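Okay, handing you the structure first.
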Amino acid sequence: MSLLFERLPDTVEICGCEVAICTDFRLWARVEHLCSRHELTGQALLDFLHKAFDTEAFRYPIELLADAFNQFLLRGKERAPADKHTYSQDTCRVPYDFVEDEGRIISAFQREYNIDLTSESVHWWRFCTLLEDLMAKNKFTDIVYFRVMDINAIKDEREREYYSRCQSLYRIGKENDPQTVEEYNKNLVDIIKRAKQEAGL
């Protein structure tokens, strides 16, 4: 489907019929968040199906509803092969997290698109397109870059150490690390100092 040539869908096709589906990004962001953490249980999926479809849709077999649900989540696309445009399951290589990056995503949408995600309803497919574009524009991009880069490919020892510290600072799941506030602040200050030195400031 072309986002330029066609209207964004608010239905999915099941058994040749168009069935209404919730398009608000909030529902789908929750689903993707749980999927990325491998926490989407059968019960959670069932709950999401009831939020995505109205009661009438449940005259269809649950398997067909789940398949249509998944296709909408993927924006009508097939999942990319494991070796193309995908990220490692290692937590430090996950590009973004809807919980940990919540503030960054909200502020970036407000700044770049004048969209208030705390109050506006945005179609899931549009939200994903705009979010992907953000990754080429601002600080959020830098954080994503730190998370997914392969520091083992960097030959310079000082540069490798710098990016290693950046990965540690912005790594998803770092709240589980035994790190004090003082350690966190020191790490951040050291990264800023090193960046200034390398820039000759």
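No value in this document is a laboratory result; all are computed from the given coordinates. In this text, all values refer to a predicted model and were calculated from it rather than measured experimentally. Cβ: placed from backbone, ideal geometry, glycine included. Neighbour counts: every protein chain shown.
At 7 Å along Cα-to-Cβ for each site, give me the label-to-label distance between residue 159 and residue 27 in nm.
Output for this residue pair reads 4.7 nm.
Still on this structure: Rank the residues 121, 168 as a footprinting-exposure proxy: fewest other Cβ atoms within 10 Å of their Cβ go first. Walk me through the intermediate numbers first.
Numbers: 121 11, 168 15.
In increasing order of surrounding Cβ atoms, one gets 121, 168.
Which distance in nm do the two modelled labels at residue 10 and residue 149 give, with both placed 7 Å along the Cα-to-Cβ direction?
The two pseudo-label positions are separated by 4.4 nm.
A follow-up question, please. Less than 11 Å Cβ to Cβ from residue 128, Lys/Arg counted +1 and Asp/Glu -1: what total charge do the surrounding residues give? Don't skip to the end; give the middle numbers.
On the way: positive: 75, 77, 126; negative: 32, 132, 133.
Spelling it out: positives minus negatives among the neighbours equals 0.
Another question about this same structure. Most exposed first by the Cβ proxy, i.e. fewest other Cβ within 10 Å, how do 28, 125 rank? The partial results should precede the final answer.
Values: 28 23, 125 19.
Least crowded to most crowded, the residues run 125, 28.
What nm value, rounded to one decimal, do you get for the distance between residue 18 and residue 120 when each label is placed 7 Å out toward the C-beta?
For the pair residue 18/residue 120, the computed spacing is 2.5 nm.
Ok, one more. Skipping prolines and chain starts, which residues have an amide H placed within reach, meaning under 5 Å, of the one on residue 115, given they are 5 or more residues away or on another chain?
For residue 115, the qualifying residues are 110.
For residue 168 and residue 38, what does the FRET efficiency come to when R0 = 25 Å and r is the distance between their Cβ atoms, rounded to the nearest 0.05?
Details: r = 23 Å, r/R0 = 0.90.
With a Förster radius of 25 Å, E is 0.65.
Net charge within 14 Å of residue 117 by Cβ-Cβ distance, Lys/Arg positive one each and Asp/Glu negative one each, not counting residue 117 itself? Don't skip to the end; give the middle numbers.
Numbers: positive: 26, 30, 104, 111, 126; negative: 24, 101, 102, 112, 116, 120.
Spelling it out: positives minus negatives among the neighbours equals -1.
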